[in-house]
Amino acid sequence: MTTPTHPRILLIVGGGIAAYKACELVRLIRKGGGSVTCVLTDGGAQFVTAMTLAALSENPVHTTLWDLKNEVEMGHIQLSREADLVVVCPATADLMARMAAGIADDLATTLLLATDKPVLAVPAMNMRMWQHAATVRNVATLRGMGVTVLEPDEGAMACGEYGPGRLPEPPAIWDAIRAMTGRDPLAAQPDFALADHRPLYGRHVLVTAGPTHEPIDPVRYIANRSSGKQGFAIAAAAADAGARVTLVAGPVNLPTPPGVERVDVETAREMAAAVDAALPADVAVMVAAVADWRAAEDAPHKLKKDGSGQVPPLALAENPDILATLARSPRRPRLLIGFAAETQEVVTHGQAKRLRKGADWIVANDVSGTVMGGADNAVHIVTAAGVESLPEMPKDRVAAALVERIVHALV
């Protein structure tokens, strides 16, 4: 696989007050070594001018489908195919609705319907518009079609309200573009690069990540040291490969990867319910370090020391085994992958766990060091065919390697 050294971006500027930020985005893309061709919608032209975008991009700006000079050569088809990535910024509620419905009544929507390249939509709208059921449905539809839809920022808006709906800042958008075009130095490694095509398009990948917190009383809980970084990296890599991704996340402080639908949970039982609700899925990657036990009864009030030196009894109950339950489910994913966090005999325990749980693969790793919470990981992929051991590397490269193997397994 190859990735573009100088990514070519087709930027569709929608009609919203945040359109002015598209000018800064063009500047960042150019500064980062990319080229930009801009398509300015009628709405976008109310906020920025074609002359401004042309000056910043140093390319002609396209505004209409009825440019006879270009259309003699079917210019709109050529435009839709010659870029490495199509970016819609800002993506208004109206524009995303038309994208989801497959409407092609102007240059922008016609390009979007005709393109065979990855599409990144960057929403910007009033918070109530973003949270409206129609927009929620349209975003889910677009993600199901393989479009990467960024989560908007939360903050003060031009209308005076406060909440989710602000356009992400241009540097964050540029980071997403870099990830999707393979510009990240790690993502650009030949063995791990997934951004130059979308081999998981049309697939649903379910990922669990992070720890679970099992309450003992209102201030204490049973937990582990899982940071969620590996699971989040796998969700991001699957989304970059075109999958519709559902990420069931335990209590972690990590940003949602672009294009990923996130479901936050706290306990093992909540995670089990969220996994069941997310089915069916083509692939399930159970990365979460789920607590094996919970307090049989969590106290309604904080447990207090009474000065006697006696430790209050803590009866434990076993939590649901999410991986084994999923393996037995009539809605079992085609490819079921579990993780095994071990401190000794890592491969042996991983092999035993694969058979005991009924998983297709077990990704076993040694967590006796700094893996939990750290940036790097070294894993052993245990399958029926044998064991593949990967060297220690950053967790996002582990994720890319695993997703690459998932792609091959589904072919």
I need every pair where a residue in segment 368-383 that is closer than 16 Å to residue 252 by Cα has its Cβ under 7 Å from the Cβ of a residue that is exposed (fewer than 15 other Cβ atoms within 10 Å of the Cβ) and not acidic (Asp, Glu), sequence separation at least 6 or different chains.
372/225; 373/225
Condition set among the polar types (S, T, N, Q) and outside any loop (DSSP other than H, G, I, E, B), scope segment 353-411, selection modelled with the highest pLDDT: answer is 383
May I ask you to list the residues in segment 139-176 that are farther than 17 Å from residue 260 by Cβ and in a helix (DSSP H, G or I)?
170, 171, 174
Would you be able to say whether some residue in segment 341-348 is assigned by TED's automatic domain parsing to the domain that holds residue 248, touching a residue at least 12 places away in the same chain (Cβ under 8 Å), touching a strand residue (DSSP E or B) at 6+ places or on another chain (Cβ under 8 Å) and within 21 Å of residue 207 (Cα to Cα)?
yes
Inter-residue pairs, beta-carbon under 7 Å, first over 26 Å from residue 215 (Cβ atoms) and in segment 276-300, second among the basic types (Lys, Arg) and assigned to a helix (DSSP H, G or I), 6+ apart:
none
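How many residues, within segment 360-382, are polar (S, T, N, Q), over 19 Å from residue 238 (Cα atoms) and in contact with a helix residue (DSSP H, G or I) (Cβ under 8 Å, 6 or more places away or on another chain)?
As a first pass, look at segment 360-382 and keep what is polar (S, T, N, Q): 365, 368, 370, 377.
Checking the rest, the ones that are also over 19 Å from residue 238 (Cα atoms) come to 365, 368, 370.
Right, trim to in contact with a helix residue (DSSP H, G or I) (Cβ under 8 Å, 6 or more places away or on another chain) and you get 365.
Residues meeting the conditions: 1.
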Residue 247 passes all but one of (1) within 19 Å of residue 340 (Cα to Cα); (2) part of a helix (DSSP H, G or I); (3) touching a strand residue (DSSP E or B) at 6+ places or on another chain (Cβ under 8 Å); which number fails?
(2)
Only one of 366, 376, 360 is within 22 Å of residue 204 (Cα to Cα), surrounded by 13 or more Cβ atoms within 10 Å (Cβ to Cβ) and charged (D, E, K, R), namely 360
Hits in segment 76-106 (condition: among the aliphatic types (A, V, I, L, M), within 20 Å of residue 176 (Cα to Cα) and not in a helix (DSSP H, G or I))
83, 85, 86, 87, 88, 91
When the residues of segment 343-357 are narrowed to those that are surrounded by fewer than 19 Cβ atoms within 10 Å (Cβ to Cβ) and among the charged types (D, E, K, R), which ends up nearest to the chain's Cα centre (by Cα)?
356
Residue check for residue 106: surrounded by fewer than 21 Cβ atoms within 10 Å (Cβ to Cβ), touching a residue at least 60 places away in the same chain (Cβ under 8 Å) and among the charged types (D, E, K, R)
yes
Checked 259, 210, 250 against criteria (buried (at least 24 other Cβ atoms within 10 Å of the Cβ) and within 12 Å of the chain's Cα centre (by Cα)); the one match is 259
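The values are calculated or read from the model by the stated rules, or taken from the named source; none is laboratory data. Predicted model, so just to flag it, every value in this text is computed and none were measured. Cβ coordinates were reconstructed from backbone atoms using ideal geometry, including for glycine residues, and neighbour counts include every protein chain displayed.
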